[in-house]
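The values are calculated or read from the model by the stated rules, or taken from the named source; none is laboratory data. None of these values were measured; they are calculated from a predicted model. Every residue, glycine among them, receives a Cβ derived from its backbone with ideal geometry; neighbour counts consider all protein chains shown. The protein model used for the area step is the full one, side chains on, heavy atoms only, and it has no ligands, DNA or RNA in it. Shrake-Rupley method; radii C 1.70, N 1.55, O 1.52, S 1.80 Å.
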Amino acid sequence: MVYFILKRLVQSVFVMLAVAFLAFSLFRFVGDPITQMTGVETSVADQERLREELGLNDPFILQFGRFTSDMLQGDFGFSYRTRQPVAEMIADRIPATLELGVVALLISLLVGIPAGVYTALRPRGIATQAILMTTLVGVSIPTFVIGIMLIFVFGVQLGWLPTFGRGGTVQIGGWESSLFTLEGWRALLLPAITLGVYQLTLTMRLVRAEMMEVMRSDYIRFAMARGVPMRKLHYRHALANTMVPVITIIGLQFGGVIAFSIVTESVFQWPGMGLLFLESIRFVDIPVMGVYLVVIAFFFVLVNLIVDMLYVAIDPRLRIRDVQ
Amino acid sequence: MLTIKDLAVKFPSRFGDVTAIADVDMTIKPGEIHGLVGESGAGKSTVGAAVIGLLAAPGYVANGKLSLGDTDLRKLTPEQAHEIRGDRISMIFQDPQTSLNPLMTIEDQLIETIQAHSDVSETAARTRAVDLLEEIGIKNAAERIKAYPHQFSGGMRQRVVIALAICTDPELIIADEPTTALDVAVQSQVLDLIRRLARDRQIAFMLITHDIGVIAQIADRVTVMRNGRVMETGETPQVLGAPTHPYTQALMDAVPPLDHRIARFRVPEEDTAGVVTGNAAEKWLLEGQQYALTGLTLQDICVRFAGPRTSLFRKPEPYVALKDVNLEVRPGSIMGLVGESGSGKSTLAKAITGLITPSSGTMHLGDDILPDGKARSRHHPSRQLVQMVFQDPYSSLNSRHRIGAILTEPLWFYGFVQDAKERERLAAAMLELVGMAPDAVDKYPHQFSGGQRQRIAVARALLARPRFLICDEPTSALDVSIQAEILNLLKDLQAMFGLTILFISHNLAVVRQMADDTAVLRNGVIEEMSATEDLFARPKADYTQKLLALTPVMPREWQSEAVTG
C-alpha cells in the first residue's frame, strides 16, 4: 500500500517536471523576454547587459534548473503587465476559482449520483426517459450558451440573482471567501450551475451505466436470492461497487473543471484564475501564463493522487493482500 | 416440499412470445437432492429462476403451478416473494469468484442476511454466522469471518456462498452449477457438503448441472431436460442406468468414461458431422507436409513471474509457475496434460507458442531448437508449424471478421496461396473437412454455436499447415454431446495428417480418451508422466491417485454398451 502511494508520488514528480519544462519553454520560445521588457529606446549594449545580468545567456539546462528551484521556493517571478509578483496575483485569484469549482462539483455530485441511481433502477420509467433527454440537451449546448441563458432568465428577466462578480466576500486569513454571506452564495449560484452542468450529466450517465452493469452481476443476483432488503441491496451493495470506477472519472473531471472554468469565469466576469489567464493571454503576459500552467497541473496531480488513495480506501482488494 | 406442475415460462419478443420452458413437472421432497440435467439452452436455469422468482426480465411464468409447502409461489406479491427468498428458498451460483460482494467482509454479508430474515441482535447473528462457518468446514472461523471474499480460495469461497445460502435455514436450495468452476478435489468436498446438508438439515436441493458424473454421484432423483421440455424423470439409478428416452441414451453415450478408453464416441448426427475425405483441403494439407512428423522436447523449463512486492527495499519473491519441466511429445502422438487450475498448464502452452519467455530451459521442435519467446523472430518457421486451439470459441474468433477472412488469413500470411479466389476455395473446402457447410465463409462468428465455432477454430489452425497443435481445454466450454463431436474430429484429423498434439485439459476422462501419453502437472511440477493406459490403470504418484479417486464417475453398470463395448 505504502509502496503504491510512493510510486504514485514519484510519478507525480515527473509529471510536474514535465509541465514545468513546458512552462519554461514558453519563456524561451515565445518571443524574446528582453524585447518584451525594454522599450525601443534601450540601446543594444544595455539589452546585452540586461541579458547577461538575468542569466539569459547561460546554458539552457542551467536556466531550467534555476527556474525550477525558484518555483520550489515560491518565487514565481513578476508579471510583465502589472509588475506585481505572480505569486500574489495567483494567490488572490485561487479562492474564487476553487470555491466555484468545488461548489460546481458538489452540485454535480448531489444531483448526478441520485439521478444516476434512480435512472438505473427504473430504466424504463417515464421520469428516467425525461431526465435522460434533458441532460442530453444539457451536454449538447456549449457552456457559454447555458451561462448566457441563465443570466437572461434569472438575472435579467426575473432579476433574482446577480449576473457578475462575487457579491459579498469575507476575508478569512488570506482567503477571500464568498461562502459566508447570502450575497456571496447568490452570486455563486449561476456560475456554479453553469460550470457543473456538464459534469453533472457525465456523472449521472456514468453512475447509471455502471449501476446497471453492477445490478446484473452475480453478487447482486445472489444478494437478491438471499432476500437482502432492497434498500441495502441498492445502496450498500450496488452503489458502493458502482463508485469504484466512477470516482476516477469524477476526479479527472474535477481537474478539468478547475482548469477549464475559463469560459464560465469570463461569461460571469468571475474574478478567478481563468479570467486572469484570459487577460494574460491578451497581453502576452508569459510569466503569469507559465505559472498558471504549473498551478493547474499541480491541481490535476493532487486530485489524481487523492483519487488513488480513495481507491485504496474503498476497495479492500487493493488494501489487503490475498491470504491464500 | 416443492411442487412444480405444468410450468411454462415465456419471453416476449418482437416476434411474439418465445416459450423457454413448457410442461415441466417436478417435486422435490425435504432432504432430497434432485438433479436437473441438460445441455446449454435446455432451460434448466430458467426452472430454478422461476421457482425463486428471479426470472430475467421480460420473462414471465405463463402457466402452471409452483408451490412450496402450502405457499403458492405464483400468488405472492413482489414484496412477499422477496421475503421468501433467503428465508425459505435460497440459491447457490456457479462461480464463487463473482457471487460475493468484493467490498464487504464475509461477516457483514452473513449478518446482514441473517438479520434480514430473523429479528436477532447483531451479536446473536454473529455467533450464528461463526458457528455456521465452523460447521461447513472453515477453520478458525471467528477470525476468518472478518476477511474479505478475495482472501479466500475458490473452494473456501464456495463454502462461504453455501453458508450464506443456508444461514437462514431455507427449505429449498437451488444450486445452479455449484461445482462447475471448481477443481475436482474441491468439487468433491463441496458435493459432500451438499449431501451432508440434505441429510442433516433436511434441505431440499435442486441441483442444476450439465455434468452427469456429478448427478450420478449425489442426486437421489434426476430430471433430464432438452429444449425447455422434460425428457425423462425418475430415480437416478433408473434414469441413468436404464434410460428409456433416446435423448438420455445419447447423452450417456457422449460422456467420456474414466476407467477405459473407447475408440470413438457414438454421436447421433455423426453422418453429417463426420470428416469428409478426399476434398481439396485434405489434398492441400497432405502435399504441404515438409516435415513428416514433428515431436517436441522440453528440457528443464522454468517460468517465473514477478510476485507481489512485500517490501520497498527487497526484490519481490518471484512466483514460480513452472519448475524444471521435462516433457517429450513423441512425433505423431497426442500428449495429454492434466492438472488443476493454477497448475501451470496454460503457462506451458504459452511458453511453447512463444507468448511468454521461460527463465531457463531449452525447447526443441523436431530436431531444431525452438527459441524462447523474446528470441523467436516473427518469421521463425515454428510460428507456422505450431498452432493453437483455445478454450473459449466465443472469444477466440474476431467477431468483426467474416469466417472467410479468418480462415484465409494464415494462407496469405504464411504466403501459401497467392490467389485470393483460390484462398477462398481452400477455406470453404477446409470447412467441409471439419464437418461444416462451405457457405459459412460468408457468415460471422456470432452466427454459429459454440461447437461450430470450435470447428472453425480447428479449421483456422489447420490452414496454417501446422505440424504441432496445442489444444488448450478445447472442449471445456462445450456441452458433452458437442464435446464428443469435437473429440472425434480431433482424433480423425490427427490420424489423417499425422499431427502431433499437446492436449491440455482438467478433465481426466477426456484426456484418457484422447491421449497416447499423459503428464500430470501440479503447482508447476510434473508429478507423473507415462503412457496413458499405464497412468490411468496404475497411477504411481499419490496426487494422480487422488485426482482419479475424486473425479465423479458413473457406476460401470450404468454405462451404456456404446461406452463399455
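Restricting to the range B:123-140, count the residues that are within 14 Å of another protein chain (Cβ to nearest Cβ) and either surrounded by fewer than 18 Cβ atoms within 10 Å (Cβ to Cβ) or assigned to a helix (DSSP H, G or I) (or both). Walk me through it before giving the result.
Taking the range B:123-140 and keeping what is within 14 Å of another protein chain (Cβ to nearest Cβ), we get B:125, B:129, B:132, B:138-140.
Checking which are either surrounded by fewer than 18 Cβ atoms within 10 Å (Cβ to Cβ) or assigned to a helix (DSSP H, G or I) (or both) leaves us with B:125, B:129, B:132, B:139-140.
Summing the residues that are within 14 Å of another protein chain (Cβ to nearest Cβ) and either surrounded by fewer than 18 Cβ atoms within 10 Å (Cβ to Cβ) or assigned to a helix (DSSP H, G or I) (or both) in the range B:123-140 gives 5.
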So which residues in the range A:144-191 are hydroxyl-bearing (Ser, Thr, Tyr) and open to solvent by less than 50 Å² (accessible area, probe 1.4 Å), if there are any at all? A:Thr163, A:Ser177, A:Ser178, A:Thr181
It is to be established whether one or more residues within the range B:38-50 are farther than 11 Å from B:Gly228 by Cβ and basic (Lys, Arg). no
Just to be sure I understand, how many residues within the range B:525-555 are closer than 15 Å to B:Arg261 by Cβ and of a type in the set (A, V, I, L, M, F, W, C)? 6
Can you tell me which residue in the range A:166-208 is modelled with the highest pLDDT, limited to those that are within 22 Å of the chain's Cα centre (by Cα) and of a type in the set (D, E, K, R)? A:Arg205
Check off (1) within 11 Å of another protein chain (Cβ to nearest Cβ); (2) crowded, with 20+ Cβ neighbours inside 10 Å for B:Gln151 and give me the number that stays unchecked. (2)
Take the residues in the range B:48-88 that are among the β-branched types (Val, Ile, Thr) and assigned to a strand (DSSP E or B); name whichever of them is farthest from the other protein chains (Cβ to nearest Cβ). B:Val61
List the pairs whose first member sits in the range A:202-226 and is at the interface with chain B (Cβ under 8 Å from one of its Cβ atoms) and more than 23 Å from B:Ile162 (Cβ to Cβ), whose second member is assigned to a helix (DSSP H, G or I) and open to solvent by 50 Å² or more (accessible area, probe 1.4 Å), and whose Cβ atoms are under 7 Å apart, counting only residues at least 6 apart or on separate chains? none
Might you let me know whether the range A:155-167 holds any residue that is free of Cβ contacts under 8 Å to residues at least 60 places away in the same chain and touching a strand residue (DSSP E or B) at 6+ places or on another chain (Cβ under 9 Å)? no
Just give me the residues in the range B:103-121 being over 25 Å from A:Asp315 (Cα atoms) and more than 10 Å from chain A (Cβ to nearest Cβ), in sequence order. B:Ser118, B:Asp119, B:Val120, B:Ser121
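May I ask you to verify whether B:Gln202 is within 20 Å of B:Pro552 (Cβ to Cβ) and touching a residue at least 12 places away in the same chain (Cβ under 8 Å)?
Here the answer is no, as B:Gln202 does not meet what is asked.
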Taking only pairs six or more apart or across chains, which ones have beta-carbon atoms under 7 Å, a first residue in the range B:81-99 that is among the hydroxyl-bearing types (Ser, Thr, Tyr), and a second residue that is open to solvent by 20 Å² or more (accessible area, probe 1.4 Å)? B:Thr98/A:Ser217; B:Thr98/A:Asp218; B:Thr98/A:Tyr219; B:Ser99/A:Asp218; B:Ser99/A:Tyr219
Does the range A:70-87 include one or more residues that are in a helix (DSSP H, G or I), under 16 Å from A:Phe27 (Cα atoms) and open to solvent by 50 Å² or more (accessible area, probe 1.4 Å)? yes
Enumerate the helices (runs of 4 or more DSSP H) found wholly within the range B:437-527, keeping only those where 3 or more residues are more than 21 Å from B:Arg400 (Cα to Cα) and over 22 Å from the mean Cα position of the chain (by Cα). B:480-497
Out of A:Val2, A:Val10, A:Val19, I need the residue that is within 14 Å of chain B (Cβ to nearest Cβ) and modelled with pLDDT of 85 or more. Which one? A:Val10
Looking for something open to solvent by 30 Å² or more (accessible area, probe 1.4 Å), more than 27 Å from B:Ala116 (Cα to Cα) and part of a strand (DSSP E or B) - is there at least one such residue anywhere in the range B:33-47? no
Within the range A:215-239, of all residues that are among the aliphatic types (A, V, I, L, M) and more than 19 Å from B:Ile174 (Cα to Cα), the one most open to solvent (accessible area, probe 1.4 Å) is A:Met230
Considering only strands (runs of 3 or more DSSP E) fully contained in the range B:221-336, which possess at least 2 residues that are closer than 30 Å to B:Asp367 by Cβ and modelled with pLDDT of 80 or more? B:296-305, B:319-329
